[in-house]
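Here the structure comes first, spelled out in structure tokens, and everything after it is commentary.
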Amino acid sequence: MANVIQLGSQPSPEAVAAQPNPAVPPQPIQVTDRALKRIRISMAKEGVSPEEGGLRLGIKGGGCSGLSYSITFDSQPRERDRIYTFEGVRIFVDPKSFLFLSGMTLDYEETLMRQGFNFINPNSSRSCGCGSSFSA
């Protein structure tokens with residue numbers, strides 16, 4: 001029974017390392033390692049400087065469920081953007097889109113059937129089959 005911890009014992013170093021640091025609050029938007037890797041590759045192909053530019057995540061009206069995700073590169077943030085940095089990759093989100101994107105995770109999926117970014121959004125009450133449209 002190696003997984004049993006007795007009362008009064010100290011947790012393993014791995015267990016301590018896996019716990020979130022309470023001094024560092026989680027960011028409202030998360031990006032997986034797979035997505036970061038693909039963003040870096042795409043930024044290099046597009047000639048977007050990581051120091052000045054970044055990936056813009058947004059929401060626009062339309063799509064079969066009412067709202068569509070928007071993902072583009074931008075050479076610099078706009079005045080009211082929220083800026084998040086993940087391992088040197090900057091993510092820009094405008095205030096209106098932030099209302100719908102707060103709490104989401106951006107992932108990248110590469111399978112035989114599908115290749116592309118995947119928005120895992122807890123604010124979505126319904127989404128379409130293509131995965132790029134949702135309603136809140």
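Can you tell me which residue in region 104-136 is modelled with the lowest pLDDT, limited to those that are exposed (fewer than 14 other Cβ atoms within 10 Å of the Cβ) and under 12 Å from residue 29 (Cβ atoms)?
The extreme case among them is 122.
List every residue pair whose Cβ atoms lie under 9 Å apart, where the two residues are 6 or more positions apart in sequence or sit on different chains, the first residue falls within region 71-95 and is crowded, with 16+ Cβ neighbours inside 10 Å and in a loop (DSSP other than H, G, I, E, B), and the second residue, located anywhere, is of a type in the set (Ser, Thr, Tyr) and modelled with pLDDT under 95.
Pairs that qualify, where the first residue is crowded, with 16+ Cβ neighbours inside 10 Å and in a loop (DSSP other than H, G, I, E, B) and the partner is of a type in the set (Ser, Thr, Tyr) and modelled with pLDDT under 95: there are none.
Going by the conditions given, is residue 68 surrounded by 11 or more Cβ atoms within 10 Å (Cβ to Cβ), assigned to a helix (DSSP H, G or I) and modelled with pLDDT under 95? Before the answer, list the steps.
Values: surrounded by 11 or more Cβ atoms within 10 Å (Cβ to Cβ): yes; assigned to a helix (DSSP H, G or I): no; modelled with pLDDT under 95: yes.
Considered against the rule, which asks whether it is surrounded by 11 or more Cβ atoms within 10 Å (Cβ to Cβ), assigned to a helix (DSSP H, G or I) and modelled with pLDDT under 95, residue 68 comes out as no.
Scan region 53-65 residue by residue and report those that are surrounded by fewer than 18 Cβ atoms within 10 Å (Cβ to Cβ), over 16 Å from residue 119 (Cα atoms) and under 19 Å from the mean Cα position of the chain (by Cα).
none
The values are calculated or read from the model by the stated rules, or taken from the named source; none is laboratory data. Since we're looking at a predicted model, the values are computed, not measured. Please note: Cβ atoms are built from the backbone with ideal geometry, for glycine as well, and neighbour counts cover all protein chains shown.
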